[in-house]
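The values are calculated or read from the model by the stated rules, or taken from the named source; none is laboratory data. Given the structure is predicted, the values throughout are model-derived calculations rather than measurements. Note that we place each Cβ from the backbone using ideal geometry, even for glycine, and neighbour counts take in every protein chain shown. Calculation scope for accessible area: heavy atoms of the full protein, side chains included, ligands and nucleic acids excluded. Shrake-Rupley method; radii C 1.70, N 1.55, O 1.52, S 1.80 Å.
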Amino acid sequence: MASSEWYTINNVDELDTPALVVYPARVQSNIDLVKTMIDDVSRIRPHVKTHKSKDVCLLMIKAGINKFKCATIAEAEMLGMSRAPDVLLAYQPSGPKLKRFIQLIKTYPQTAFSCLVDNQITANSVSAEALINNIKIPVYIDLNIGMNRTGIVPDEALGLYETCTSLPGIDIMGLHAYDGHIHDSDYNVRRQRSDESIEPVLKLAAAILAKGYQEPIVIAGGSPTFPILAQRKNIECSPGTFAYWDRGYQLAFEEQAFLTAALVIARVISLPEDGKICIDVGHKSVAAENELSKRIYFLNAPELVFTGQSEEHLVADAGKDHHYKVGDIMYGLPYHICPTVSLYERAIIIEKQLVTGEWKTTARDRKITI
(Lines give C-alpha, C1' and ligand atoms only; values in the text may rest on other atoms or scores of the structure.)
Protein backbone atom coordinates (compact mmCIF):
# COMPACT_ATOMS: atom_id res chain seq x y z
CA MET A 1 0.00 0.00 0.00
CA ALA A 2 1.55 3.28 -1.09
CA SER A 3 1.55 6.14 1.38
CA SER A 4 0.08 8.34 -1.34
CA GLU A 5 -3.28 6.52 -1.27
CA TRP A 6 -6.05 8.95 -0.30
CA TYR A 7 -7.28 6.79 2.56
CA THR A 8 -3.92 6.25 4.31
CA ILE A 9 -3.82 7.33 7.96
CA ASN A 10 -0.25 8.06 9.01
CA ASN A 11 -0.96 7.86 12.75
CA VAL A 12 -3.32 4.90 12.44
CA ASP A 13 -1.48 3.03 15.21
CA GLU A 14 -3.18 5.40 17.67
CA LEU A 15 -6.63 4.31 16.47
CA ASP A 16 -8.53 1.54 18.21
CA THR A 17 -10.50 -0.68 15.84
CA PRO A 18 -13.01 -1.22 14.45
CA ALA A 19 -13.54 2.49 13.85
CA LEU A 20 -15.64 4.59 11.53
CA VAL A 21 -13.49 7.26 9.91
CA VAL A 22 -14.59 10.18 7.75
CA TYR A 23 -12.57 12.38 5.42
CA PRO A 24 -14.07 15.91 5.61
CA ALA A 25 -12.37 17.15 2.44
CA ARG A 26 -14.14 14.43 0.46
CA VAL A 27 -17.45 15.20 2.19
CA GLN A 28 -17.04 18.84 1.16
CA SER A 29 -16.25 17.77 -2.40
CA ASN A 30 -19.48 15.75 -2.50
CA ILE A 31 -21.50 18.72 -1.23
CA ASP A 32 -19.94 20.94 -3.87
CA LEU A 33 -20.68 18.35 -6.57
CA VAL A 34 -24.33 17.81 -5.65
CA LYS A 35 -24.97 21.53 -6.09
CA THR A 36 -23.68 21.37 -9.68
CA MET A 37 -26.09 18.58 -10.58
CA ILE A 38 -29.22 20.71 -10.30
CA ASP A 39 -30.25 24.11 -11.65
CA ASP A 40 -31.20 25.63 -8.30
CA VAL A 41 -29.79 24.74 -4.89
CA SER A 42 -33.21 25.48 -3.36
CA ARG A 43 -34.46 22.30 -5.06
CA ILE A 44 -32.07 20.12 -3.03
CA ARG A 45 -33.55 18.67 0.16
CA PRO A 46 -30.93 16.19 1.38
CA HIS A 47 -31.87 13.31 3.65
CA VAL A 48 -29.71 13.20 6.79
CA LYS A 49 -30.22 9.50 7.52
CA THR A 50 -26.82 8.54 6.11
CA HIS A 51 -24.50 10.68 8.21
CA LYS A 52 -26.72 11.61 11.21
CA SER A 53 -24.11 14.28 11.92
CA LYS A 54 -24.58 17.86 13.01
CA ASP A 55 -21.17 18.65 11.56
CA VAL A 56 -22.21 17.50 8.09
CA CYS A 57 -25.47 19.44 8.38
CA LEU A 58 -23.53 22.60 9.17
CA LEU A 59 -21.29 22.06 6.14
CA MET A 60 -24.38 21.80 3.94
CA ILE A 61 -26.00 24.88 5.47
CA LYS A 62 -22.78 26.82 4.96
CA ALA A 63 -22.90 25.71 1.30
CA GLY A 64 -26.35 27.25 0.90
CA ILE A 65 -28.48 24.14 1.35
CA ASN A 66 -31.40 25.15 3.58
CA LYS A 67 -33.95 22.35 3.18
CA PHE A 68 -33.58 18.90 4.71
CA LYS A 69 -35.40 15.61 5.12
CA CYS A 70 -35.16 13.12 7.99
CA ALA A 71 -36.85 9.99 9.29
CA THR A 72 -36.63 10.19 13.09
CA ILE A 73 -37.34 12.72 15.82
CA ALA A 74 -33.67 12.59 16.80
CA GLU A 75 -32.62 13.46 13.25
CA ALA A 76 -35.14 16.28 13.24
CA GLU A 77 -33.84 17.58 16.55
CA MET A 78 -30.27 17.42 15.25
CA LEU A 79 -31.39 19.66 12.40
CA GLY A 80 -33.10 21.99 14.85
CA MET A 81 -29.85 22.17 16.83
CA SER A 82 -28.12 23.05 13.56
CA ARG A 83 -30.64 25.85 12.95
CA ALA A 84 -31.72 24.34 9.64
CA PRO A 85 -34.42 26.60 8.17
CA ASP A 86 -36.74 23.92 6.68
CA VAL A 87 -37.06 20.30 7.85
CA LEU A 88 -39.44 17.61 6.65
CA LEU A 89 -39.95 14.66 8.98
CA ALA A 90 -40.56 12.10 6.23
CA TYR A 91 -42.59 9.96 8.57
CA GLN A 92 -46.12 9.96 9.91
CA PRO A 93 -46.02 10.89 13.61
CA SER A 94 -48.51 9.06 15.78
CA GLY A 95 -48.93 8.41 19.49
CA PRO A 96 -45.94 9.59 21.55
CA LYS A 97 -44.04 10.45 18.37
CA LEU A 98 -46.67 13.08 17.51
CA LYS A 99 -46.33 14.62 20.95
CA ARG A 100 -42.56 14.67 20.58
CA PHE A 101 -42.95 16.31 17.18
CA ILE A 102 -45.08 19.04 18.74
CA GLN A 103 -42.44 19.59 21.41
CA LEU A 104 -39.79 19.77 18.71
CA ILE A 105 -41.71 22.54 16.93
CA LYS A 106 -41.94 24.51 20.16
CA THR A 107 -38.33 23.98 21.18
CA TYR A 108 -36.75 25.03 17.87
CA PRO A 109 -38.93 27.88 16.56
CA GLN A 110 -36.26 29.03 14.09
CA THR A 111 -36.83 25.81 12.10
CA ALA A 112 -39.97 25.21 10.05
CA PHE A 113 -40.86 21.56 10.68
CA SER A 114 -43.31 19.60 8.54
CA CYS A 115 -44.43 15.96 8.41
CA LEU A 116 -46.25 13.39 6.30
CA VAL A 117 -49.76 11.97 6.33
CA ASP A 118 -51.30 9.30 4.11
CA ASN A 119 -54.66 8.69 5.77
CA GLN A 120 -57.56 10.49 7.42
CA ILE A 121 -56.88 9.15 10.92
CA THR A 122 -53.36 10.54 11.01
CA ALA A 123 -54.46 13.83 9.46
CA ASN A 124 -57.15 14.21 12.12
CA SER A 125 -54.67 13.41 14.90
CA VAL A 126 -52.13 15.95 13.66
CA SER A 127 -54.89 18.54 13.32
CA ALA A 128 -56.20 17.89 16.84
CA GLU A 129 -52.76 18.11 18.47
CA ALA A 130 -52.00 21.30 16.57
CA LEU A 131 -55.22 22.89 17.83
CA ILE A 132 -54.52 21.86 21.42
CA ASN A 133 -51.09 23.49 21.17
CA ASN A 134 -52.28 26.53 19.24
CA ILE A 135 -49.91 25.95 16.31
CA LYS A 136 -50.11 25.25 12.57
CA ILE A 137 -48.33 22.16 11.27
CA PRO A 138 -47.28 21.99 7.60
CA VAL A 139 -48.00 18.57 6.10
CA TYR A 140 -47.31 16.72 2.86
CA ILE A 141 -49.36 13.85 1.47
CA ASP A 142 -47.20 10.73 1.35
CA LEU A 143 -47.71 8.91 -1.97
CA ASN A 144 -47.07 5.26 -2.78
CA ILE A 145 -45.47 5.15 -6.23
CA GLY A 146 -44.25 1.57 -6.07
CA MET A 147 -42.29 1.23 -2.85
CA ASN A 148 -45.36 -0.34 -1.21
CA ARG A 149 -44.23 0.66 2.24
CA THR A 150 -46.28 3.72 3.16
CA GLY A 151 -48.33 6.24 1.24
CA ILE A 152 -51.60 6.49 -0.62
CA VAL A 153 -51.65 5.80 -4.35
CA PRO A 154 -51.81 9.05 -6.35
CA ASP A 155 -55.10 8.17 -8.05
CA GLU A 156 -56.80 8.07 -4.64
CA ALA A 157 -55.05 10.99 -2.99
CA LEU A 158 -56.98 14.02 -4.25
CA GLY A 159 -59.79 13.55 -1.72
CA LEU A 160 -57.34 13.33 1.19
CA TYR A 161 -55.55 16.43 -0.06
CA GLU A 162 -58.81 18.38 -0.24
CA THR A 163 -59.80 17.24 3.24
CA CYS A 164 -56.46 18.39 4.62
CA THR A 165 -56.98 21.85 3.15
CA SER A 166 -60.02 22.26 5.40
CA LEU A 167 -58.60 20.76 8.61
CA PRO A 168 -57.78 23.34 11.29
CA GLY A 169 -54.23 23.31 12.55
CA ILE A 170 -52.85 21.95 9.29
CA ASP A 171 -51.20 23.75 6.38
CA ILE A 172 -51.17 21.43 3.38
CA MET A 173 -47.92 22.05 1.52
CA GLY A 174 -47.71 19.43 -1.18
CA LEU A 175 -46.78 15.87 -2.10
CA HIS A 176 -44.01 13.47 -1.09
CA ALA A 177 -43.06 10.49 -3.26
CA TYR A 178 -40.16 8.18 -2.41
CA ASP A 179 -39.01 5.78 -5.10
CA GLY A 180 -36.62 3.56 -3.15
CA HIS A 181 -37.65 0.56 -5.23
CA ILE A 182 -35.89 2.05 -8.25
CA HIS A 183 -32.19 1.28 -8.11
CA ASP A 184 -31.35 -0.32 -11.44
CA SER A 185 -27.68 -0.03 -12.40
CA ASP A 186 -28.63 0.55 -16.04
CA TYR A 187 -29.20 4.30 -16.22
CA ASN A 188 -31.67 4.08 -19.10
CA VAL A 189 -33.78 1.51 -17.28
CA ARG A 190 -33.66 3.63 -14.14
CA ARG A 191 -34.71 6.72 -16.09
CA GLN A 192 -37.64 4.90 -17.68
CA ARG A 193 -38.86 3.57 -14.35
CA SER A 194 -38.43 6.98 -12.73
CA ASP A 195 -40.43 8.67 -15.49
CA GLU A 196 -43.21 6.11 -15.13
CA SER A 197 -43.38 6.45 -11.33
CA ILE A 198 -43.36 10.25 -11.22
CA GLU A 199 -46.03 10.68 -13.92
CA PRO A 200 -49.04 10.02 -11.63
CA VAL A 201 -47.55 12.39 -9.06
CA LEU A 202 -47.33 15.20 -11.60
CA LYS A 203 -50.85 14.38 -12.80
CA LEU A 204 -52.12 14.70 -9.22
CA ALA A 205 -50.26 18.00 -8.76
CA ALA A 206 -51.92 19.32 -11.93
CA ALA A 207 -55.35 18.21 -10.67
CA ILE A 208 -54.78 20.02 -7.36
CA LEU A 209 -53.83 23.20 -9.19
CA ALA A 210 -56.85 22.87 -11.48
CA LYS A 211 -59.10 22.73 -8.41
CA GLY A 212 -57.95 26.24 -7.54
CA TYR A 213 -55.56 25.31 -4.76
CA GLN A 214 -52.05 26.69 -4.51
CA GLU A 215 -49.54 24.75 -6.60
CA PRO A 216 -48.30 21.89 -4.40
CA ILE A 217 -44.63 21.43 -3.61
CA VAL A 218 -43.44 18.05 -4.90
CA ILE A 219 -40.64 16.30 -2.98
CA ALA A 220 -39.43 13.16 -4.70
CA GLY A 221 -36.71 10.59 -5.10
CA GLY A 222 -33.53 9.51 -3.39
CA SER A 223 -29.94 9.00 -4.49
CA PRO A 224 -30.45 6.54 -7.40
CA THR A 225 -32.94 8.79 -9.22
CA PHE A 226 -31.49 12.12 -8.16
CA PRO A 227 -29.70 12.91 -11.46
CA ILE A 228 -32.92 12.05 -13.32
CA LEU A 229 -35.36 14.05 -11.22
CA ALA A 230 -32.89 16.94 -11.01
CA GLN A 231 -33.45 17.49 -14.73
CA ARG A 232 -37.14 18.16 -14.17
CA LYS A 233 -38.51 21.50 -13.07
CA ASN A 234 -40.26 22.31 -9.81
CA ILE A 235 -39.36 19.09 -7.98
CA GLU A 236 -37.40 19.08 -4.74
CA CYS A 237 -34.92 16.19 -4.77
CA SER A 238 -33.78 14.24 -1.72
CA PRO A 239 -30.45 12.45 -2.16
CA GLY A 240 -28.81 11.42 1.09
CA THR A 241 -26.01 8.93 0.61
CA PHE A 242 -23.98 11.40 -1.49
CA ALA A 243 -22.43 12.91 1.65
CA TYR A 244 -20.43 9.75 2.39
CA TRP A 245 -21.19 7.47 -0.63
CA ASP A 246 -20.37 3.77 -0.39
CA ARG A 247 -19.23 0.72 -2.31
CA GLY A 248 -22.73 -0.33 -3.34
CA TYR A 249 -23.61 2.99 -4.94
CA GLN A 250 -20.09 3.41 -6.34
CA LEU A 251 -20.57 0.21 -8.35
CA ALA A 252 -24.23 0.70 -9.23
CA PHE A 253 -24.39 4.35 -10.22
CA GLU A 254 -21.26 5.17 -12.17
CA GLU A 255 -22.82 8.34 -13.59
CA GLN A 256 -22.64 9.90 -10.13
CA ALA A 257 -19.06 10.94 -9.43
CA PHE A 258 -19.29 11.28 -5.65
CA LEU A 259 -16.26 10.31 -3.60
CA THR A 260 -16.36 7.60 -0.98
CA ALA A 261 -15.74 9.56 2.22
CA ALA A 262 -16.26 7.11 5.09
CA LEU A 263 -14.43 3.89 5.88
CA VAL A 264 -14.33 1.28 8.60
CA ILE A 265 -10.77 0.76 9.83
CA ALA A 266 -10.02 -2.75 11.10
CA ARG A 267 -7.08 -4.94 12.12
CA VAL A 268 -6.01 -8.49 11.55
CA ILE A 269 -6.27 -10.06 15.00
CA SER A 270 -5.63 -13.75 14.37
CA LEU A 271 -4.25 -16.27 11.89
CA PRO A 272 -6.49 -19.22 12.81
CA GLU A 273 -5.23 -21.70 10.21
CA ASP A 274 -3.18 -21.87 7.06
CA GLY A 275 -4.47 -19.40 4.52
CA LYS A 276 -7.06 -17.89 6.85
CA ILE A 277 -7.01 -14.55 8.63
CA CYS A 278 -9.46 -13.06 11.14
CA ILE A 279 -10.29 -9.34 11.15
CA ASP A 280 -12.02 -7.41 13.94
CA VAL A 281 -15.01 -6.24 11.91
CA GLY A 282 -18.07 -8.30 12.73
CA HIS A 283 -21.68 -7.61 11.83
CA LYS A 284 -21.85 -5.28 14.83
CA SER A 285 -19.34 -3.09 12.98
CA VAL A 286 -20.60 -3.01 9.39
CA ALA A 287 -24.04 -3.33 7.82
CA ALA A 288 -24.74 -7.03 7.40
CA GLU A 289 -28.00 -7.18 5.47
CA ASN A 290 -26.22 -8.11 2.23
CA GLU A 291 -24.63 -11.44 1.41
CA LEU A 292 -21.22 -11.97 3.01
CA SER A 293 -19.21 -10.92 -0.04
CA LYS A 294 -21.05 -7.59 -0.25
CA ARG A 295 -20.70 -6.13 3.22
CA ILE A 296 -17.24 -4.57 3.15
CA TYR A 297 -14.51 -4.13 0.56
CA PHE A 298 -10.93 -3.71 1.75
CA LEU A 299 -9.23 -1.09 -0.39
CA ASN A 300 -5.79 -2.43 0.51
CA ALA A 301 -6.79 -6.11 0.38
CA PRO A 302 -9.29 -6.54 -2.48
CA GLU A 303 -8.34 -10.17 -3.07
CA LEU A 304 -9.68 -11.48 0.24
CA VAL A 305 -12.52 -13.99 0.07
CA PHE A 306 -14.76 -13.87 3.14
CA THR A 307 -15.77 -17.21 4.61
CA GLY A 308 -17.58 -16.26 7.79
CA GLN A 309 -18.67 -13.36 9.96
CA SER A 310 -19.98 -13.20 13.50
CA GLU A 311 -20.67 -10.37 15.91
CA GLU A 312 -17.07 -9.21 16.32
CA HIS A 313 -15.10 -11.21 13.75
CA LEU A 314 -14.69 -11.54 10.00
CA VAL A 315 -12.83 -14.58 8.68
CA ALA A 316 -11.25 -14.39 5.24
CA ASP A 317 -9.35 -16.72 2.94
CA ALA A 318 -6.10 -14.95 2.04
CA GLY A 319 -4.54 -17.89 0.19
CA LYS A 320 -1.55 -19.97 1.15
CA ASP A 321 1.71 -18.13 1.71
CA HIS A 322 -0.15 -14.85 2.22
CA HIS A 323 1.71 -11.86 3.62
CA TYR A 324 -0.79 -10.75 6.28
CA LYS A 325 0.33 -10.47 9.91
CA VAL A 326 -1.48 -9.91 13.19
CA GLY A 327 -1.83 -6.16 13.63
CA ASP A 328 -2.10 -5.29 9.93
CA ILE A 329 -4.46 -2.39 9.25
CA MET A 330 -7.38 -2.91 6.85
CA TYR A 331 -9.14 0.01 5.18
CA GLY A 332 -12.72 -1.14 4.64
CA LEU A 333 -15.26 0.51 2.36
CA PRO A 334 -18.81 -0.50 3.42
CA TYR A 335 -21.26 -1.55 0.75
CA HIS A 336 -24.09 0.15 2.66
CA ILE A 337 -22.94 3.14 4.64
CA CYS A 338 -26.27 4.28 6.15
CA PRO A 339 -26.81 1.43 8.65
CA THR A 340 -23.04 1.16 9.16
CA VAL A 341 -22.86 4.73 10.48
CA SER A 342 -25.65 3.92 12.94
CA LEU A 343 -23.37 1.36 14.57
CA TYR A 344 -20.92 4.05 15.71
CA GLU A 345 -21.45 6.85 18.22
CA ARG A 346 -18.69 8.89 16.61
CA ALA A 347 -16.79 9.21 13.36
CA ILE A 348 -13.05 9.78 13.61
CA ILE A 349 -11.96 12.68 11.39
CA ILE A 350 -9.02 12.25 9.01
CA GLU A 351 -7.40 15.37 7.62
CA LYS A 352 -4.14 15.40 5.67
CA GLN A 353 -3.76 11.69 6.47
CA LEU A 354 -3.91 12.26 10.21
CA VAL A 355 -6.48 11.63 12.94
CA THR A 356 -7.46 15.15 13.99
CA GLY A 357 -10.72 14.84 15.92
CA GLU A 358 -14.20 13.38 15.77
CA TRP A 359 -17.74 14.08 14.62
CA LYS A 360 -20.44 12.73 16.90
CA THR A 361 -23.10 10.63 15.18
CA THR A 362 -25.58 12.93 16.90
CA ALA A 363 -28.82 11.35 15.71
CA ARG A 364 -27.72 7.74 16.23
CA ASP A 365 -29.70 7.71 19.46
CA ARG A 366 -33.47 7.47 19.25
CA LYS A 367 -33.66 10.43 21.61
CA ILE A 368 -31.43 13.46 22.09
CA THR A 369 -33.43 15.65 24.49
CA ILE A 370 -37.00 15.41 23.21
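Please turn the phi angles of the range 331-345 into ³J(HN,Hα) values with the Karplus equation 6.51 cos²θ - 1.76 cosθ + 1.60 (θ = phi - 60°), one per residue in order, whole Hz, x for glycine and proline.
After applying 6.51 cos²θ - 1.76 cosθ + 1.60, I find 9, x, 9, x, 6, 10, 7, 4, x, 5, 4, 5, 7, 10, 7 Hz.
Skipping prolines and chain starts, which residues have an amide H placed within reach, meaning under 5 Å, of the one on ILE349, given they are 5 or more residues away or on another chain?
The answer is VAL22, THR356, GLY357, GLU358, TRP359.
When the solvent-accessible surface of protein heavy atoms is calculated with a 1.4 angstrom probe, in what order do TRP245, TRP6 fall, highest first?
Numbers: TRP245 5, TRP6 80 Å².
Listed by decreasing accessible area, they come as TRP6, TRP245.
What list of ³J(HN,Hα) couplings, whole Hz, do you get for the range 291-303 from phi and the Karplus terms 6.51, -1.76, 1.60, once you set θ to phi - 60° and write x for glycine and proline?
Residue by residue, the range 291-303 yields 4, 3, 6, 10, 10, 8, 10, 7, 4, 9, 8, x, 7 Hz.
Within the range 77-232, what percent of beta bridges assigned by DSSP are antiparallel, to the nearest 5?
Values: 0 of 19 bridges.
Taking every DSSP beta bridge with both residues in the range 77-232, the antiparallel ones total about 0 percent.
Checking the cross-link filter: which lysines have an alpha carbon closer than 29 Å to that of LYS320, excluding same-chain neighbours under 8 positions apart?
Cα-Cα hits under 29 Å: LYS276, LYS284, LYS294.
Which Cα, out of SER125, ASN148, PHE242, lies furthest along the positive dipole direction of the chain (beta carbon charges, K/R +1, D/E -1)?
SER125
Please identify the trypsin sites (Lys or Arg not before Pro) of the range 268-311 that satisfy two criteria: DSSP loop assignment and at most 16 other Cβ atoms within 10 Å. Which are they? Numbers along the way, then the final one.
Values: sites: LYS276, LYS284, LYS294, ARG295; in loops: LYS284, ARG295.
Those satisfying the criteria are LYS284.
Please name which of PHE113, SER53, VAL34 has its Cα lying farthest along the dipole of the range 1-145 towards the positive end, using unit charges on Cβ (Lys, Arg +1; Asp, Glu -1) and the Cα centre as origin.
My answer, from the dipole projection, is PHE113.
Mind checking which aspartates and glutamates have their Cα closer than 16 Å to the Cα of LYS52? Skip sequence neighbours fewer than 8 apart in that chain.
Straight-line reach from LYS52, under 16 Å: GLU75, GLU77, ASP246, GLU345, GLU358, ASP365.
Would you work out what percent of the accessible area of the chain, with all protein chains in place, is carbon or sulfur (probe 1.4 Å)?
Working: 7890 of 15910 Å².
Accessible surface attributable to carbon and sulfur in the chain totals 50 percent.
With all protein chains present and a 1.4 Å probe, how do SER53, SER293 order by accessible area, largest first? Display every interim value, and only then the final one.
Working: SER53 0, SER293 65 Å².
Ranked from most to least accessible, the order is SER293, SER53.
Considering the chain as a Gaussian network with a 10 Å cut-off on Cα pairs, which listed residue, ALA301, ALA220, ALA177, attains the greatest mean-square fluctuation?
Top of the fluctuation ranking is ALA301.
My understanding is that a pair violates if its Cα-Cα distance is over 21 Å; which of LYS69/LYS360; LYS69/LYS352; LYS35/LYS367; LYS67/LYS203; LYS35/LYS67 do that in this structure? All intermediate terms of the calculation are to be shown ahead of the outcome.
Numbers: LYS69/LYS360 19 Å; LYS69/LYS352 31 Å; LYS35/LYS367 31 Å; LYS67/LYS203 25 Å; LYS35/LYS67 13 Å.
Table pairs above 21 Å Cα-Cα are LYS69/LYS352; LYS35/LYS367; LYS67/LYS203.
Which trypsin sites (Lys or Arg not before Pro) in the range 311-356 pass both tests, a DSSP loop state and at most 15 other beta-carbon atoms within 10 Å? List each step's numbers first, then the result.
Numbers: sites: LYS320, LYS325, ARG346, LYS352; in loops: LYS320, LYS325, LYS352.
When the trypsin sites (Lys or Arg not before Pro) of the range 311-356 are filtered for loop state and at most 15 Cβ neighbours within 10 Å, LYS320, LYS325, LYS352 remain.
Would you mind calculating the relative contact order of the chain from Cα pairs under 8 angstrom and at least 6 residues apart, reporting the percent as a whole number? Could you put the intermediate results ahead of the total?
Values: 778 pairs, mean separation 80.8, N = 370.
Value for the chain: 22 percent.
Would you give the gap between the C-alpha center of the range 7-63 and the C-alpha center of the range 111-145, rounded to a whole Å?
31
Please report the net charge: other residues with Cβ closer than 11 Å to the Cβ of ALA25, K and R +1, D and E -1. Kindly include the intermediate steps, with their values, before the conclusion.
On the way: positive: ARG26, LYS352; negative: ASP32, GLU351.
Result for the neighbourhood of ALA25: 0.
Report the charge-dipole magnitude of the chain in Debye, nearest 20, computed about the Cα centre from +1 at each Lys and Arg Cβ and -1 at each Asp and Glu Cβ.
On the way: 38 positive and 44 negative charges, 237 e Å.
For the chain, the charge dipole is close to 1140 debye.
Quick one: compute the contact order of the range 110-165, relative version, from alpha carbon pairs under 8 angstrom and 6+ residues apart, as a percent.
Details: 56 pairs, mean separation 19.5, N = 56.
RCO, the range 110-165: 35 percent.
Skipping prolines and chain starts, which residues have an amide H placed within reach, meaning under 5 Å, of the one on SER270, given they are 5 or more residues away or on another chain?
Amide H neighbours of SER270: CYS278.
Could you list which residues have their amide H under 5 Å from that of ILE172, counting only those 5 or more apart in sequence or on another chain, with H placed in the peptide plane?
Amide H neighbours of ILE172: VAL139.
What GluC sites (Glu not before Pro) in the range 194-266 are in a loop by DSSP, with at most 13 other Cβ atoms within 10 Å of the Cβ?
Working: sites: GLU196, GLU236, GLU254, GLU255; in loops: GLU254, GLU255.
Qualifying residues, ordered by number: GLU254, GLU255.
Which residue fluctuates most in the GNM of the chain (Cα springs below 10 Å): THR72, THR107, THR260?
Of THR72, THR107, THR260, the Gaussian network model singles out THR107 as fluctuating most.
Antiparallel as a % of all DSSP beta bridges within the chain, to the nearest 5?
Numbers: 27 of 57 bridges.
Given both bridge residues lie in the chain, the antiparallel proportion sits at roughly 45 percent.
Tabulate in residue order the Karplus-calculated ³J(HN,Hα) for the range 171-185, using 6.51 cos²θ - 1.76 cosθ + 1.60 with θ = phi - 60°, rounded to whole Hz; enter x for Gly and Pro.
Ordered by residue, 3J(HN,Hα) equals 10, 6, 9, x, 10, 10, 9, 9, 10, x, 7, 9, 8, 5, 5 Hz.
Quote to one decimal, in nm, the extra length available between THR165 and ASN133 on full extension: 0.36 nm per residue of separation minus the C-alpha distance between them. Don't skip to the answer; put the middle values down first.
Working: separation 32, 0.36 × 32 = 11.52 nm, distance 1.90 nm.
That works out to 9.6 nm of additional length.
In terms of solvent-accessible area of protein heavy atoms at a 1.4 angstrom probe, what is the ranking of ASP274, ASP118, ASP13, ASP55, highest value first? Mind showing how you got there, number by number?
Numbers: ASP274 110, ASP118 30, ASP13 135, ASP55 55 Å².
Result, largest first: ASP13, ASP274, ASP55, ASP118.
Would you mind working out the accessible area per residue for the chain, using a 1.4 Å probe, and quoting it in Å²?
Values: 15910 Å² over 370 residues.
Heavy-atom SASA per residue in the chain reads 43 Å².
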